[in-house]
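Before any comments, here is the structure.
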Amino acid sequence: MSKTTIPTGGIADDAINLTSKVTGALPVANGGTALTSGFTNGGGLTGTDMWRVTADFAGNVNPISSNLERCDETGFGRIGTGMTNSSGTFSFPSTGIWLISFTAFHFTDNSADYISIKINTTTDNSTYALVAQGIAQMHPVDAFSQGTATCVLDVTNTTNCKVRFETDHADTSNKIRGQSAYNRSWFEFIRLGDT
């Protein structure tokens, strides 16, 4: 027989345990966050970081390994410990599904027709594969442009899964523009969720 009323005196405090008796997302209206257990920080991301190129460079470079710094302008913040850079090879602070973006500001002082940026990843800490490419057309002389390459990487092991960034040009005098005071050419890393 089912009961449709609460007896006088109510229900004991320990009679209902939402933590252990309810699965899935607890609705916001009932005091929950409407989020499943895969999220923390009230539903926010658990890892974000940004690095940038601090000075101009020309020609083909693979990997981009010098004049790099973590962003440090006023108000910059990251979540977690952030990425580790060793001579242009970036390592992840934790496993998970990571969104990676490379945005570059380009300049040419000749009639060369393109600048290409690339993201290369490895899952065995050895063999790198091209996973994303962005190309900017460069016309006419003294032209500026911007390109972006983006990928998602399943980081199953922080020792073996890494990322590098590359650029190649139609003419080796074409430049990637850098800046140390603000983001002109930069890398973004966002942990989207568990692997």
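Bear in mind that the values in this text are calculations on the coordinates, not laboratory data. Just so you know, these numbers come straight off a predicted model, no measurement behind them. Using ideal geometry, Cβ is built from the backbone for each residue, glycine included, and neighbour counts are taken over all protein chains shown.
The phi torsions of segment 61-66, fed into the Karplus equation with coefficients 6.51, -1.76 and 1.60 and a -60° offset, translate into couplings of 9, 8, x, 5, 10, 10 Hz, rounded to whole numbers, with Gly and Pro shown as x.
Using the Cα coordinates of segment 47-125, the gyration tensor eigenvalues translate into equivalent-ellipsoid semi-axes of 25, 17, 11 Å, sorted from longest to shortest.
Taking amide hydrogens as placed 1.01 Å from N in the peptide plane, the amide H of Thr54 sits under 5 Å from those of Leu68, Glu69, Gln179, each at least 5 positions away in sequence or on another chain. In order along segment 77-85, the phi-based Karplus estimate (6.51 cos²θ - 1.76 cosθ + 1.60, θ = phi - 60°) of 3J(HN,Hα) comes to x, 10, 10, x, 7, x, 6, 10, 10 Hz; Gly and Pro are listed as x. Phi angles of segment 180-186 translate, via the Karplus equation with coefficients 6.51, -1.76, 1.60 and θ = phi - 60°, into HN-Hα couplings of 8, 8, 7, 7, 10, 10, 8 Hz per residue; Gly and Pro are given as x.
Please list 94-105, 60-71 highest first by mean number of surrounding beta-carbon atoms within 10 Å per residue. Before the final figure, lay out the partial values.
Values: 94-105: 19.7, 60-71: 15.3.
Ranked by mean Cβ neighbours within 10 Å, highest first: 94-105, 60-71.
Packing-wise, with mean Cβ within 10 Å as the measure, how do 154-167, 74-87, 120-133 rank, highest first?
On the way: 154-167: 18.1, 74-87: 12.0, 120-133: 14.8.
Those peptides, ordered most packed to least, come out 154-167, 120-133, 74-87.
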